[in-house]
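> Supplied in structure tokens, the structure appears directly below.
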Amino acid sequence: MMLGSGSVETLARQRKAMDTKAPLTESLMLDTLMNYLVTMARTVESAMNRALDAIVSLDDPRTAALPGEVFLLEPRINEMEIVIDEQAIRLLRQGALPEEELRLIVAGLKLNNDLERIGDLAVNLAERVVSLREMPGAAAPEELSPMVSAVRGMVSQSLGALISRNVEMAGKVLESDDVVDKYRDRIFERQLRSMTGEPESVSSGLQFVLATRHLERIADHATNIAEDIIFWVRGLDVRHGRGMGGLPESRITNNSQTLHSDVTAWGHTDHVIFT
């Protein structure tokens, strides 16, 4: 197992506990759960970014290999999902836990599910890319690129909020979901008109409609992740708009470029990497 730069101390304590046959402390087990979640988040974002890069550059030979790379990451993501579930169950077996630790475990289980689903959707998106590359002349709708940027920004912000426990950043993700929905609607309307007037574009049009559906679902899971982070850190249930009064005020942005530029460089956070 390879280590991130800041996880050496944590893993050293874990090895020492194992070597002396001492039980792992609750704190160490929580650290391990968090490290696993960070690692899975990194891997899922990597798969998603490859799929996003591929869908917006269908004619670029330099991105032809990206779908295959997404497919190769799927087994690793599935393995991580199982490991994280098992770690959370171990923690729950410890018995009475402080409220914040219990919230972390519950949120961790939900985060794990949403991350795995984003990984699945990255695979679905990569499959659309493979199909579209076999259709000469398939022209992407002009709204696709900004939609991809908006989705990329939402996922990056939600994962950044996970690393930094930043409730304000998570709140911005919740405010941004409507942006993606608007792009989805515009693309659907454009493709419907195109398929109605040009029957030869039906095959590619359907692929783009499916692709936008995958993008919308990725954004939905990013929203779920943001909600779970708020629950973990603040103990607020903001699903379906509940409890929003407990969040710090933040400005709603309708500009996907602004959304993406707000993302923090969370990639330097310490983590454990599965091999």
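The values are calculated or read from the model by the stated rules, or taken from the named source; none is laboratory data. This is a predicted model, so every value here is computed, not measured. Cβ atoms come from the backbone with ideal geometry, glycine included; neighbour counts cover every protein chain shown.
> From Glu86, Glu101, which residue is surrounded by fewer than 14 Cβ atoms within 10 Å (Cβ to Cβ) and either more than 18 Å from Asp220 (Cβ to Cβ) or aliphatic (A, V, I, L, M) (or both)? Write out each step before concluding.
Working: Glu101 fails: surrounded by fewer than 14 Cβ atoms within 10 Å (Cβ to Cβ).
After ruling out the rest, the residue left standing is Glu86.
> Okay, next question. Within the range 97-148, which residues are in a helix (DSSP H, G or I), farther than 21 Å from Val83 by Cα and in contact with a Lys or Arg (Cβ under 8 Å, 6 or more places away or on another chain)?
The initial filter retains those residues of the range 97-148 that are in a helix (DSSP H, G or I), namely 99-133, 144-148.
Then drop every residue that is not farther than 21 Å from Val83 by Cα, which leaves 99-100, 124-133, 144-148.
Answer for the range 97-148, where residues must be in a helix (DSSP H, G or I), farther than 21 Å from Val83 by Cα and in contact with a Lys or Arg (Cβ under 8 Å, 6 or more places away or on another chain): Ala126, Met147.
> Hey, among Ala126, Ala107, Ala161, which residue is in contact (Cβ under 8 Å) with a residue 40 or more places away in the chain and farther than 17 Å from His221 by Cα?
Working: Ala107 fails: farther than 17 Å from His221 by Cα; Ala161 fails: farther than 17 Å from His221 by Cα.
Selected residue: Ala126, the only one of Ala126, Ala107, Ala161 that is in contact (Cβ under 8 Å) with a residue 40 or more places away in the chain and farther than 17 Å from His221 by Cα.
> While we're looking at this one, here's another question. Just checking, how many residues over the range 206-221 are over 26 Å from Leu162 (Cα atoms) and either hydrophobic (A, V, I, L, M, F, W, C) or out of contact with any helix residue (DSSP H, G or I) (no Cβ under 7 Å at 6 or more places or on another chain) (or both)? Walk me through it before giving the result.
Going residue by residue through the range 206-221, those that are over 26 Å from Leu162 (Cα atoms) are 206-211.
Still in the running and either hydrophobic (A, V, I, L, M, F, W, C) or out of contact with any helix residue (DSSP H, G or I) (no Cβ under 7 Å at 6 or more places or on another chain) (or both): 206, 208-211.
Matching residues across the range 206-221 total 5.
> Report yes if Leu72 is more than 21 Å from Ser156 (Cα to Cα), out of contact with any Gly (no Cβ under 9 Å at 6 or more places or on another chain) and not in a helix (DSSP H, G or I), otherwise no. I'd like the intermediate steps shown before the answer.
Working: more than 21 Å from Ser156 (Cα to Cα): yes; out of contact with any Gly (no Cβ under 9 Å at 6 or more places or on another chain): yes; not in a helix (DSSP H, G or I): no.
Criteria not met by Leu72.
> Mind counting the residues in the range 10-26 that are assigned to a helix (DSSP H, G or I) and either at pLDDT 95 or above or not hydrophobic (A, V, I, L, M, F, W, C) (or both)? So that I can check it myself, show each step before the final result.
Taking the range 10-26 as the starting set, the residues that turn out to be assigned to a helix (DSSP H, G or I) are 10-19, 26.
Applying the additional criterion that residues be either at pLDDT 95 or above or not hydrophobic (A, V, I, L, M, F, W, C) (or both) yields 10, 13-16, 19, 26.
The number of residues fulfilling the criteria is 7.
> Let me ask another. Being part of a helix (DSSP H, G or I), over 25 Å from Leu144 (Cβ atoms), at pLDDT 85 or above and not basic (Lys, Arg): is that true of Met29 here?
Values: part of a helix (DSSP H, G or I): yes; over 25 Å from Leu144 (Cβ atoms): yes; at pLDDT 85 or above: no; not basic (Lys, Arg): yes.
Judged against the criteria, Met29 is not a match.
> On to the next question. Could you tell me whether the range 164-174 includes any residue that is in a helix (DSSP H, G or I), over 24 Å from Ser194 (Cα atoms) and without any contact (Cβ under 8 Å) to a residue 60 or more places away in the chain?
Just the residues of the range 164-174 that are in a helix (DSSP H, G or I), to begin with: 164, 167-174.
With the extra rule that they be over 24 Å from Ser194 (Cα atoms), the set shrinks to 164, 167-174.
Those still in the list that are without any contact (Cβ under 8 Å) to a residue 60 or more places away in the chain too: 173.
Yes, some residue in the range 164-174 is in a helix (DSSP H, G or I), over 24 Å from Ser194 (Cα atoms) and without any contact (Cβ under 8 Å) to a residue 60 or more places away in the chain.
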